[in-house]
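Data first, discussion second: the structure below is written as structure tokens.
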Amino acid sequence: MFLNDSINLEPNIFTLELVEYEYDKTMFKRYDSQHKQLPSKQARLTKKRLNHETGFSRRRFLRESLLSSVFVPLFGCGGGSSDNTLPPITVRSTPGELSQAQTTQSILIIGAGLSGLVAAYELSRAGHQVTLLEARERSGGRVHTINLPFSNGQFAEAGASRIPSNHNLTHGYCDHFSLARDPFYPNTERYFEIAAAQASFIDANSYINQPPWQGSVNRSAYSKIRGGMSLLPTSFADQLSNSIIYSQAVESVTQSNSEVSVTTQDGSRFQAERLLCTVPLPVLANIEFTPSLSVDKISAANGGYNYTDSSRLYSQFDSRFWLEQNLNGWGNSDHPEEIWQPTWDNDQESGILQSYLRGSVARDFDQLMLDQQVAQIHQRIATAIPAISDFTSSNFVFSWANESWSGSAYASPTSSQASQLSAAIAESEGRIHFCGEHASNFHGWIQEALESGIRAEQEIHNSV
Ligand SMILES: Cc1cc2nc3c(=O)[nH]c(=O)nc-3n(C[C@H](O)[C@H](O)[C@H](O)COP(=O)(O)OP(=O)(O)OC[C@H]3O[C@@H](n4cnc5c(N)ncnc54)[C@H](O)[C@@H]3O)c2cc1C
């Protein structure tokens, strides 16, 4: 059976299907066999006609509008004015697209995860001056495709990995950036299940036509981004490259009646009319707010809103010995854990087996040394694939609890925490707005990060 923690994710999938966005739904009507959504004929014709009439391609429009709103460090420069030369937005081409701003604002965003990126992207396109401050040297936050230390160009995901077919915002932005998707679960060979130290095997066709947990779509309706999930955040970041400053960990935020100012770890200071904070709750308390945040936000940031930890072990082998048993390298155990072979759909000799642990088993796992972690997981997999003990592997562990700018994997509040605190977590305080998967009604998906980013961007856009 699947993990208790994944049951926390279950309501997201169905409830979000019902959420209505101001997005041209014709764009979502058609799917090809790999769940890639195709714009309707009408939408394609409208876009073509506009491009023809203006002689201005959408890609060129985006590039030029972003270049024209080049970031200006706000300390000492004041904020708020914009040259306002951007052409009006005429086609609703993304789920979160805003109308052109009548009055533009300067906006600081803390965090270049997907919630911050989508807000930065849409606010910039609407004409606002946006500056994104990111503590890490990369964008994406909890969407992180790992290339090193793997050889042969193989890669695996540290965080977000699969997209259910009904996550309209995630697919909508993948379409917008022309990111191809492939099936997430293999449709060949056999899967294994390990329970009470016994292995059983299931034909791929039966396995993928069942949901991974109750209430979810079937496994066959999950996809991944071809080339790695990080292509989604980097697609946003490429368009925002003039507005993102990396290695800028925010340490303090002060707001007055007219502006918000921010100081980062290296002493840099920035000012703007509005601030959007996307920092996950386990690391929010690292930032000092003046005046202080509401009692409810402080309580949530100090452990009052539960999170699920998660760790993954990756073992890259020179050969895919599991194929000898007609296995695809995928299964699950009652430890509990999911075991994936993220390399199942490339045709190289080598392959990666990955164990995905959540909750208390991930926390216990984090206490072990690497050789103990490898021994423990390989021993369990050997119940289904005995040959694993005959092969050596290069091994790598990723723990979200050990990540300084995340602190854990995703919010999973109890129902009483959710009813007491979730509204307060998302609520703006003066000129400071909040978003992120934790500031949504459901948790643990890119869809929620995007949904909350779109909600916050609308709040800011309408706040003049
Ligand atoms: C193990 C795991 C598995 C997942 N699986 C899936 C999946 O299969 N499918 C799916 O759709 N979703 C999945 N998710 C969820 C998805 O990855 C998240 O919901 C989403 O990426 C969160 O985006 P965010 O913008 O809210 O937060 P984040 O991505 O965490 O972004 C916050 C950003 O703020 C930055 N930051 C933090 N503190 C500071 C500071 N002081 N100063 C400046 N910057 C700061 C961080 O570096 C980070 O970049 C998974 C997540 C995890 C961890």
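Values for this structure:
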{"read-out": "Mean projected area (nm²) of the alpha-carbon convex hull when the stretch 355-440 is viewed from all directions", "value": "8.2"}
{"read-out": "Quotient of C-alpha Rg and 2.2 N^0.38 Å, computed over the stretch 241-308", "value": "1.19"}
{"read-out": "Length-normalised contact order of the stretch 206-346 in % [C-alpha pairs under 8 Å, at least 6 apart]", "value": "11"}
{"read-out": "Share of alpha-carbon pairs per 5 Å distance bin for the stretch 199-336, given as whole %", "value": "2, 6, 10, 12, 13, 13, 11, 9, 9, 8, 5, 3, 1, 0"}
{"read-out": "In order through the stretch 273-281: 3J(HN,Hα) via Karplus (6.51 cos²θ - 1.76 cosθ + 1.60), integer Hz, x for Gly, Pro", "value": "7, 9, 10, 10, 9, 10, 5, x, 4"}
{"read-out": "Ordering of 115-127, 162-174, 333-345 by burial proxy (mean other Cβ atoms within 10 Å per residue, highest first)", "value": "115-127, 162-174, 333-345"}
{"read-out": "At R0 = 22 Å, FRET efficiency that the Cβ-Cβ distance of SER200 and GLN376 yields, to 0.05", "value": "0.55"}
{"read-out": "Volume per residue of the C-alpha convex hull in the stretch 133-240, rounded to whole Å³", "value": "166"}
{"read-out": "ARG363, ARG274, ARG190, ARG138 arranged by Cβ crowding within 10 Å, fewest neighbours leading", "value": "ARG138, ARG363, ARG190, ARG274"}
{"read-out": "Charge sum, other residues only, whose C-beta stays under 10 Å from SER333's C-beta, Lys/Arg counted +1 and Asp/Glu -1", "value": "-3"}
{"read-out": "Amide hydrogen neighbours beyond the local backbone of ILE244, cut-off 5 Å, H modeled", "value": "LEU132"}
{"read-out": "The stretch 307-462, Rg to Rh (Cα coordinates; Rh as Kirkwood inverse mean 1/r)", "value": "1.10"}
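We did not get these values from a lab; they are worked out from the coordinates using the rules stated. Because the structure is predicted, anything quoted here is derived from the model rather than measured. Neighbour counts are summed over all protein chains in view; Cβ atoms, including those assigned to glycine, are modelled from backbone coordinates with ideal geometry.
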